[in-house]
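Working notes, structure below.
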Amino acid sequence: MTTFLYLQRFVNGESAVMPFDVLLSILARHGKPGRGAHDTEITFANGLAAGATLIGGRTGGALCVGFERPRFDAPLRALVWECMRELGCAVFDDALEMVYTPLRGATGLPPALSAACANGVRRVDSAQQLWPDQLETRLPDEVPPGLPCANGLQLFDEADFSAREMTIDLALRPEACNAATLRVLRNLAARVDAAVGVNPGYHPSYRFVHDASAQLFLASEPLGPLAHSAAMVSPGPGLSAHRPGFIAAREIDASADVEQRKLVALARDKYGIALDGGGASINALSALLDKLHAWYVLERAKQPANTAFASPVASSWALRAGCYLGSVLASQIGGQWGYVTRGQRRLTVVRTHRGRVCHPHLQVLDHIVNGAHDSVARWYAQLAVSDASACARADDIACRIPRLCALLLGSGESALPLAAQLAREQLDYSVASLRHLDAWLAQVRQQGAAIPAQELAHATEAAGAYLGEVVRGATPDPSQWQWMNYDDMVRAHPAFARQRARARGYMAFLDSVEHTTYPLATVGTLLADARAESLLDYARKLLPQAADERAGPLEPGQIEDWPADATMEQALEQVRNAIMKWRRSATPEEYAATCADNPAWMGSDSLTEIYRRQHLLLEKGMVVWASLVQANKALFSEGPHDMPALLAYSLERHFEARPQALHRVAVELFGYKGKEAPAALQHIVGSLASEQQRPQDLAVPAVLTRRRVMISSFLAIRKHLPADVLHGAWFPLLTHPDTLCLMIAPHKFWPPELVNAWKSGAMA
């Protein structure tokens with residue numbers, strides 16, 4: 001992701017100018033200014049950033065400086081702090097994940113920008129508060145792909161050099177867009193255009209996380225004509241693409257527990273203060289930090305004026321007291337320890353059950369540096385009102401997931417049944433380790449009533465926590481899943497109470513944008529019924545890559561020899577019969593009501609042809625099975641728009657009882673996305689990687705199956721899907737030889753059993 005860091009001054013919510021010569025002289029001490037195609041550009045030999053663009057001039061003043069791909073380390077910290085101190089400017093990244101303003105004086109930020117800040121606005125009085133090394137972990141540097149140009153190398157986020165396609169990802173939030181920040185991006189576009197001119201034949205594209213930002217960029221004032229065209233990609237009107245976010249981490253929970261215990265001992269032995277882990281103890285911690293602030297002010301006063309003073313004592317206390325503050329927050333308000341990634345740095349955070357990401361270490365540091373203005377007691381008291389979990393503390397399983405896993409692995413205090421039979425040395429959080437958990441649970445189940453109820457409850461919760469952590473950890477983007485409490489879900493979505501009863505197995509579960517899954521309930525079911533789904537199979541359904549491992553490479557003849565599924569064959573026949581019966585009596589009005597309307601936003605996309613051909617497919621189309629290959633992520637959750645996707649289908653009768661075989665072909669093809677594919681598959685795999693291509697009836701080569709299977713683009717029309725959401729991996733499809741258009745058979749023709757299987761995830 002291409003990150004930009006902006007320095008901009010605001011007064012009364014409006015952008016204000018800064019002295020151009022002063023700002024330029026500061027930048028010149030760290031880099032080399034030069035004239036770009038349109039504005040002043042600064043290059044850095046020390047890796048401080050890929051470059052910077054200074055917007056404005058001597059006559060009108062400087063409006064903004066944008067650092068492209070900043071390296072959040074000491075040189076950038078010194079430069080930014082000097083600008084904040086001398087010019088009173090605010091500092092923010094394009095995703096608004098960090099926003100800093102000077103402590104002294106009014107912030108002046110635009111209200112929309114302040115409200116959109118992911119982690120709130122931090123007012124800083126020391127360079128030490130800017131991405132502190134002691135409290136943030138620097139990740140290994142990654143060298144992004146680039147094209148050589150006049151100024152060295154123009155960097156991109158993704159590259160397909162064989163297809164000569166280069167992509168830049170932009171997380172810019174619409175609230176961070178103004179004339180100056182958008183002009184920084186216009187300068188980027190000019191540099192990319194120049195790089196393509198030096199490297200003819202390359203095709204650049206800009207992929208925006210937020211559709212509104214893409215629209216604002218397109219509406220901004222061009223700096224001049226570009227010689228080469230570039231594609232603008234956004235998630236769709238009014239939508240935002242998913243970005244990796246909070247990732248719960250058991251190891252952070254464990255290390256925070258160690259550090260907070262050290263603080264408790266230090267406060268007791270040196271200061272005579274009892275920190276008992278309760279919410280009221282934060283007042284005592286705050287009083288202690290007030291004393292540290294007074295000491296910090298005295299130490300800072302001894303330093304020469306304008307020195308970038310950094311206190312090792314403040315950092316040490318921020319680490320230890322931050323662990324205590326975060327642990328109390330997690331246990332008393334409700335939350336989990338984990339981390340977020342910002343650029344090339346990883347920040348330790350606590351996420352409350354209501355979704356707020358909190359930075360307890362930085363909050364302690366701000367208290368020590370800024371004093372009572374940033375009191376941790378006031379901060380905690382506000383969170384206790386705004387973010388308190390709806391779940392009783394004794395029932396909060398979600399915040400105890402790491403401890404439940406530790407119990408399963410043998411370091412907990414509670415007893416587990418048949419602990420000696422549990423192969424703990426094999427429990428490494430891999431999908432394969434679930435075999436050993438399945439074997440232990442089978443032994444527990446056989447003991448039945450001989451096991452005390454309390455021990456059985458501990459086993460269910462510990463095994464469920466471990467199962468959920470295996471699924472979460474094996475998912476390519478672990479931030480996709482968040483542990484959720486039943487009571488918090490009901491408070492946010494009251495209808496959830498009608499779907500699931502408040503039972504112990506549902507008190508904590510994994511939630512994502514796409515769907516919800518219940519590992520504790522799965523363990524409970526397995527303990528009650530030997531015929532229930534194993535934990536290993538449960539995980540494989542949720543993890544496509546685990547299913548690939550189970551299946552191994554697709555062997556010759558595997559699709560041809562796939563066992564028939566009479567249930568699926570009957571379901572397909574029921575869909576056909578329902579459509580035939582409807583056709584005999586359907587009126588023009590009923591046809592019109594079943595068809596979807598063509599939205600204007602799709603423009604000239606070739607897939608809009610489906611809206612014209614719906615009537616043909618409903619009146620004469622044949623029904624076959626199809627399997628999803630890939631789809632726009634927006635389709636996996638509720639939304640207003642139909643979206644493009646890619647499917648595999650066949651007209652052969654062989655697949656009428658074997659939609660799972662089609663799914664196996666689809667999984668095999670998707671597994672090659674972004675990887676080296678056999679020559680026979682490269683034309684299909686290339687269409688997976690390109691979001692602009694709309695392949696139709698590409699034949700799957702015989703290396704995968706001797707049966708005739710085709711790959712085609714289609715438009716997933718939401719009104720035709722059960723619950724308007726793409727939940728299943730396969731589905732009944734309408735096709736006709738007079739058109740290349742394909743359409744999912746409207747769900748009103750599906751039998752109830754098929755609808756239920758779709759909604760429950762049984763067809764995932």
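Within the range 344-382, the only residue that satisfies the criterion of being under 24 Å from Asp396 (Cβ atoms), among the polar types (S, T, N, Q), part of a helix (DSSP H, G or I) and in contact with a helix residue (DSSP H, G or I) (Cβ under 9 Å, 6 or more places away or on another chain) is Gln363.
Only a single criterion out of (1) within 16 Å of Asp738 (Cα to Cα); (2) in contact with a helix residue (DSSP H, G or I) (Cβ under 9 Å, 6 or more places away or on another chain) is not satisfied by Leu607, namely (2). Scanning the range 208-224 for residues that are of a type in the set (Gly, Ala, Ser) and over 22 Å from the mean Cα position of the chain (by Cα) gives Ala219, Ser220, Gly224. In the range 60-76, which residues are surrounded by fewer than 18 Cβ atoms within 10 Å (Cβ to Cβ) and among the acidic types (Asp, Glu)? Passing the criteria: only Asp73.
Is it the case that the range 393-411 has a residue that's part of a helix (DSSP H, G or I), among the hydroxyl-bearing types (Ser, Thr, Tyr) and either in contact with a Gly (Cβ under 6 Å, 6 or more places away or on another chain) or over 14 Å from Leu467 (Cα atoms) (or both)?
Going through the range 393-411, the residues part of a helix (DSSP H, G or I) turn out to be 393-395, 398-409.
Cutting the leftovers down to among the hydroxyl-bearing types (Ser, Thr, Tyr) gives us none.
No: the range 393-411 contains no residue that is part of a helix (DSSP H, G or I), among the hydroxyl-bearing types (Ser, Thr, Tyr) and either in contact with a Gly (Cβ under 6 Å, 6 or more places away or on another chain) or over 14 Å from Leu467 (Cα atoms) (or both).
Looking only at the range 425-455, which residues are among the basic types (Lys, Arg) and modelled with pLDDT of 90 or more? Selection gives Arg445 alone.
What do you reckon, is Arg664 basic (Lys, Arg) and in a loop (DSSP other than H, G, I, E, B)? Give the steps one after another, and end with the answer.
Details: basic (Lys, Arg): yes; in a loop (DSSP other than H, G, I, E, B): no.
When the stated conditions are applied, Arg664 does not pass them.
Please indicate, with yes or no, whether at least one residue in the range 673-686 is part of a helix (DSSP H, G or I), at pLDDT below 90, polar (S, T, N, Q) and crowded, with 16+ Cβ neighbours inside 10 Å.
At the first step, the residues of the range 673-686 found to be part of a helix (DSSP H, G or I) are 679-686.
Narrowing further to those that are at pLDDT below 90: 679-686.
Pick out the ones that are also polar (S, T, N, Q) and you get 682.
Checking which are crowded, with 16+ Cβ neighbours inside 10 Å leaves us with none.
Taking every residue of the range 673-686 in turn, none turns out to be part of a helix (DSSP H, G or I), at pLDDT below 90, polar (S, T, N, Q) and crowded, with 16+ Cβ neighbours inside 10 Å.
Scanning the range 67-125 for residues that are among the charged types (D, E, K, R) and closer than 19 Å to Val349 by Cβ yields a total of 3. Of the residues making up the range 88-126, those that are of a type outside the set (A, V, I, L, M, F, W, C), in a loop (DSSP other than H, G, I, E, B) and over 19 Å from Gly343 (Cα atoms) are Gly88, Arg104, Gly105, Thr107, Gly108, Pro110, Asp125, Ser126. For first residues located in the range 424-449 and outside the structural domain of Ala532 (by TED's automatic domain parsing) and more than 18 Å from Tyr538 (Cα to Cα), partners that are small (Gly, Ala, Ser) and at pLDDT below 90 and lie 6+ apart or on another chain with Cβ distances below 8 Å do not occur. Pairing each residue of the range 528-540 that is outside any helix (DSSP H, G or I) and modelled with pLDDT of 85 or more with any residue that is surrounded by 15 or more Cβ atoms within 10 Å (Cβ to Cβ) and acidic (Asp, Glu), provided the two are 6+ apart or on different chains, yields C-beta distances under 7 Å for Ser534/Asp438. Kindly provide the set of residues from the range 339-382 that are in contact with a Leu (Cβ under 8 Å, 6 or more places away or on another chain), farther than 14 Å from His293 by Cβ and not hydrophobic (A, V, I, L, M, F, W, C), ordered by number. Matches in the range 339-382: Tyr339, Thr341, Gln344, Arg345, Arg346, Thr348, Thr352, Arg356, His359, Pro360, His361, Tyr380. Filtering the range 739-764 to residues that are touching a residue at least 24 places away in the same chain (Cβ under 8 Å), under 27 Å from the mean Cα position of the chain (by Cα) and part of a loop (DSSP other than H, G, I, E, B) leaves Gly761, Met763, Ala764. Among the conditions (1) touching a residue at least 12 places away in the same chain (Cβ under 8 Å); (2) hydrophobic (A, V, I, L, M, F, W, C); (3) not in a loop (DSSP other than H, G, I, E, B), Leu153 misses just one, which is (1).
Looking only at residues that are outside any helix (DSSP H, G or I) and basic (Lys, Arg) in the range 482-517, which one is nearest to Ala398 (Cα to Cα)? Let's see the steps before the verdict.
First pass over the range 482-517, keeping only residues outside any helix (DSSP H, G or I): 482-485, 493-495, 500-503, 507-517.
After this cut, where a residue has to be basic (Lys, Arg) as well, the list is 500, 502.
Working: Arg500: 17, Arg502: 15 Å.
It comes out as Arg502.
Of all residues in the range 127-141, none are in a strand (DSSP E or B), surrounded by 17 or more Cβ atoms within 10 Å (Cβ to Cβ), touching a residue at least 12 places away in the same chain (Cβ under 8 Å) and aliphatic (A, V, I, L, M). The set of residues in the range 228-258 that are crowded, with 18+ Cβ neighbours inside 10 Å and either in a helix (DSSP H, G or I) or touching a His at 6+ places or on another chain (Cβ under 9 Å) (or both) comprises Ser234, Pro235, Gly236, Leu239, Ser240, Ala241, Arg250, Ile252, Asp253, Ala256.
Ala398: in contact with a helix residue (DSSP H, G or I) (Cβ under 8 Å, 6 or more places away or on another chain), in the same structural domain as Ala463 (by TED's automatic domain parsing), on the phi < 0 side of the Ramachandran plot and loosely packed, with under 14 Cβ neighbours inside 10 Å, yes or no?
Values: in contact with a helix residue (DSSP H, G or I) (Cβ under 8 Å, 6 or more places away or on another chain): yes; in the same structural domain as Ala463 (by TED's automatic domain parsing): yes; on the phi < 0 side of the Ramachandran plot: yes; loosely packed, with under 14 Cβ neighbours inside 10 Å: no.
It is false that Ala398 is in contact with a helix residue (DSSP H, G or I) (Cβ under 8 Å, 6 or more places away or on another chain), in the same structural domain as Ala463 (by TED's automatic domain parsing), on the phi < 0 side of the Ramachandran plot and loosely packed, with under 14 Cβ neighbours inside 10 Å.
Filtering the range 351-375 to residues that are surrounded by fewer than 23 Cβ atoms within 10 Å (Cβ to Cβ) and farther than 21 Å from Ala249 by Cα leaves Asn370, Gly371, Ala372, His373, Ser375. The residues in the range 274-283 that are surrounded by fewer than 16 Cβ atoms within 10 Å (Cβ to Cβ) and either closer than 14 Å to Arg320 by Cα or not polar (S, T, N, Q) (or both) can be counted, and the count is 5.
Inside the range 610-663, can you point out the residues that are over 31 Å from the mean Cα position of the chain (by Cα), among the aromatic types (Phe, Trp, Tyr) and within 24 Å of Gly761 (Cβ to Cβ)? Quick ask: steps written out before the conclusion?
At the first step, the residues of the range 610-663 found to be over 31 Å from the mean Cα position of the chain (by Cα) are 610-625, 650-658.
If we keep only those that are among the aromatic types (Phe, Trp, Tyr) as well, we get 611, 625, 655.
Across the range 610-663, the qualifying residues are Trp625, Phe655.
The listed residues are Ala256, Ala274, Ala227, and the only one of them that is of a type outside the set (Lys, Arg), in the same structural domain as Arg342 (by TED's automatic domain parsing) and over 30 Å from the mean Cα position of the chain (by Cα) turns out to be Ala274.
The values are calculated or read from the model by the stated rules, or taken from the named source; none is laboratory data. Computed from a predicted model, the values in this text were never measured in an experiment. Note that each Cβ is placed from the backbone with ideal geometry, even for glycine, and that neighbours are counted across all protein chains shown.
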